[in-house]
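Notes follow once the structure below has been shown.
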Amino acid sequence: MRFAATGLAVFAVLAATGCAQASEAPVRSASAEPSPDAPSPSGSASVGCDAARPDPEPTGIADLIIGPLSYGAAAEGIRTADGRPATPGPDGIVFYKLGTRLALGASATVAIGDPARAYAGIRTEQGSDGGYSSVSYAACAPGDPRITGDDAPAPVGVWWVGGFLLSGRDSACLPLEITVGDDPTVHRVDLALPAGACG
């Protein structure tokens, strides 16, 4: 299957040349201090076909790809308009918007790795403002009427609105732990928030 081959090839490249582990945690920014009542990431969530949107685009070399799961144009991290870290909101939470993409019929779980769970979370479209420590995604089956339309191109996958949030800092080399389907193998990758944060 072309998608799986492409995903594995890019995953191999990422494993060899991806973000290096940061030698120390990013410096806290005074502007990113969370307010005392700011929500904090915890727990887990699941999202499925009802919240998904059709994705007609195949994955590309600039995407961060782990098997059937991918993050568009994020192989080198999330790029911001000016190359600087995202601006904290009034609650001190910094949000990096990045949709999760998944091949049709596939499922995967994305978790924040230790010790980043103390300051990072995954936000979903209709979930907790504080985000979650892990989110399980289940894509629609091929031909599902919820993602097909009369004039729309046939989707190759689906995607969900969401992203990653940081509390008490405005940048991070974020460790992610990803499992695909029923396979217990944990794929560990680093996501630069923003691009360049993984050194």
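Could you identify the single residue in Tyr137, Tyr96 that is modelled with pLDDT of 95 or more, within 15 Å of the chain's Cα centre (by Cα) and within 23 Å of Gly196 (Cβ to Cβ)?
Details: Tyr137 fails: within 23 Å of Gly196 (Cβ to Cβ).
None of the others qualify; the one that does is Tyr96.
Checking Gln126 against (1) modelled with pLDDT under 95; (2) under 12 Å from the mean Cα position of the chain (by Cα), which test does it fail?
Here Gln126 clears every test but (2).
Could you tell me how many of the residues in segment 60-101 are small (Gly, Ala, Ser) and closer than 17 Å to Val156 by Cβ?
Start the filter on segment 60-101 by keeping residues that are small (Gly, Ala, Ser), which leaves 60, 62, 67, 70, 72-75, 77, 81, 83, 86, 89, 92, 99.
Next cut, closer than 17 Å to Val156 by Cβ only: 60, 62, 67, 70, 72-73, 99.
Here the count works out to 7.
Restricting to segment 63-119, name every residue that is of a type in the set (Val, Ile, Thr) and closer than 16 Å to Gly131 by Cβ. If you could, list the steps in order and put the result at the bottom.
From segment 63-119, those of a type in the set (Val, Ile, Thr) are 65-66, 78, 80, 87, 93-94, 100, 109-110, 112; that's our starting set.
If the condition is that a residue be of a type in the set (Val, Ile, Thr) and closer than 16 Å to Gly131 by Cβ, then Ile78, Ile93, Val94, Thr100, Thr109, Val110, Ile112 are the ones that fit.
Restricting the search to segment 170-199, which residues are out of contact with any Gly (no Cβ under 9 Å at 6 or more places or on another chain) and not in a loop (DSSP other than H, G, I, E, B)?
Ala172, Thr179 - these are the residues of segment 170-199 that are out of contact with any Gly (no Cβ under 9 Å at 6 or more places or on another chain) and not in a loop (DSSP other than H, G, I, E, B).
State all residues of segment 126-141 that are out of contact with any helix residue (DSSP H, G or I) (no Cβ under 6 Å at 6 or more places or on another chain) and either more than 12 Å from Leu102 (Cα to Cα) or outside any loop (DSSP other than H, G, I, E, B) (or both); if no residue qualifies, say none.
In the first step, residues of segment 126-141 are kept if they are out of contact with any helix residue (DSSP H, G or I) (no Cβ under 6 Å at 6 or more places or on another chain); the result is 126-132, 134-139, 141.
Hits for segment 126-141 are Gln126, Gly127, Ser128, Asp129, Gly130, Gly131, Tyr132, Ser134, Val135, Ser136, Tyr137, Ala138.
Can you pull out every residue in segment 78-93 that is among the small types (Gly, Ala, Ser), within 17 Å of Ala197 (Cα to Cα) and free of Cβ contacts under 8 Å to residues at least 60 places away in the same chain? Break it down stepwise before answering.
Kept after step one, since they are among the small types (Gly, Ala, Ser), are these residues of segment 78-93: 81, 83, 86, 89, 92.
From what is left, the residues that are within 17 Å of Ala197 (Cα to Cα) are 81, 83, 86.
Matches in segment 78-93: Ala81 only.
How many of the residues making up segment 32-53 are buried (at least 19 other Cβ atoms within 10 Å of the Cβ) and modelled with pLDDT of 95 or more?
2
Answer yes if at least one residue in segment 122-140 is of a type in the set (Phe, Trp, Tyr) and farther than 23 Å from Thr59 by Cα, and no otherwise. Reasoning before the result, please.
Taking segment 122-140 as the starting set, the residues that turn out to be of a type in the set (Phe, Trp, Tyr) are 132, 137.
Next cut, farther than 23 Å from Thr59 by Cα only: 132.
The answer is yes, given that some residue of segment 122-140 is of a type in the set (Phe, Trp, Tyr) and farther than 23 Å from Thr59 by Cα.
Scan segment 104-117 for residues that are surrounded by 14 or more Cβ atoms within 10 Å (Cβ to Cβ) and over 21 Å from Gly72 (Cβ atoms) and jot them down.
At the first step, the residues of segment 104-117 found to be surrounded by 14 or more Cβ atoms within 10 Å (Cβ to Cβ) are 104-113, 116-117.
Result: Gly113, Ala116, Arg117.
Using the structure shown, decide if Ala154 is out of contact with any helix residue (DSSP H, G or I) (no Cβ under 9 Å at 6 or more places or on another chain), of a type in the set (A, V, I, L, M) and assigned to a loop (DSSP other than H, G, I, E, B). Full working, then the answer.
On the way: out of contact with any helix residue (DSSP H, G or I) (no Cβ under 9 Å at 6 or more places or on another chain): yes; of a type in the set (A, V, I, L, M): yes; assigned to a loop (DSSP other than H, G, I, E, B): yes.
Here the answer is yes, as Ala154 does meet what is asked.
Any chance you could count how many residues in segment 78-121 are small (Gly, Ala, Ser) and outside any loop (DSSP other than H, G, I, E, B)?
The first filter runs over segment 78-121 and keeps only residues small (Gly, Ala, Ser), leaving 81, 83, 86, 89, 92, 99, 103, 105-108, 111, 113, 116, 118, 120-121.
Right, trim to outside any loop (DSSP other than H, G, I, E, B) and you get 103, 107-108, 111, 116, 118, 120-121.
Residues in segment 78-121 being small (Gly, Ala, Ser) and outside any loop (DSSP other than H, G, I, E, B): 8 in total.
The values are calculated or read from the model by the stated rules, or taken from the named source; none is laboratory data. The structure presented is a predicted model; accordingly, all values stated were derived computationally and were not measured. Backbone-built Cβ (ideal geometry, glycine too); neighbour counts: all protein chains shown.
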